[in-house]
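Below is one structure, written out as structure tokens; comments come after it.
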Amino acid sequence: FEVTVRGRKICGSAQFRTGDFFLQHGSVRIFDNWNESDLCSLWPEGHRLDSSQITSIELETQSRPVINDVVSAFERAIRDSFAVSFDDE
């Protein structure tokens, strides 16, 4: 499934599951630092992707995110959702 905000993709990711274990990896657009021509140069020829189909944390919050705040929010969400803790060592 896609991770979207108001119908616009914010995350590219993949997931692997086996038994009671899963691995989630991917990327979340934090800053709105690409334009449509950048997106098209990365997209396969013959396919169309325009900036109205994607979003970022910056666009959704209408403010420039602080990376440490984003990291803290992800850590909180993972701890709360999966009842895990992080080893800071």
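Amide H contacts for D32 (H built 1.01 Å from N in the peptide plane; partners 5 or more residues away or on another chain; cut-off under 5 Å): E58, L59. Once both labels are positioned 7 Å from their Cα atoms along Cα-to-Cβ, the gap between R79 and D20 label points is 2.2 nm. What the phi angles of the stretch 19-25 give under the Karplus curve with 6.51, -1.76 and 1.60, with θ = phi - 60°, is a coupling list of x, 9, 10, 9, 10, 10, 9 Hz, glycine and proline written as x.
FYI, it's all coordinate maths here, none of it is from the lab. All of these numbers come straight from a predicted model, not from anything done at the bench. Please note: Cβ atoms are built from the backbone with ideal geometry, for glycine as well, and neighbour counts cover all protein chains shown.
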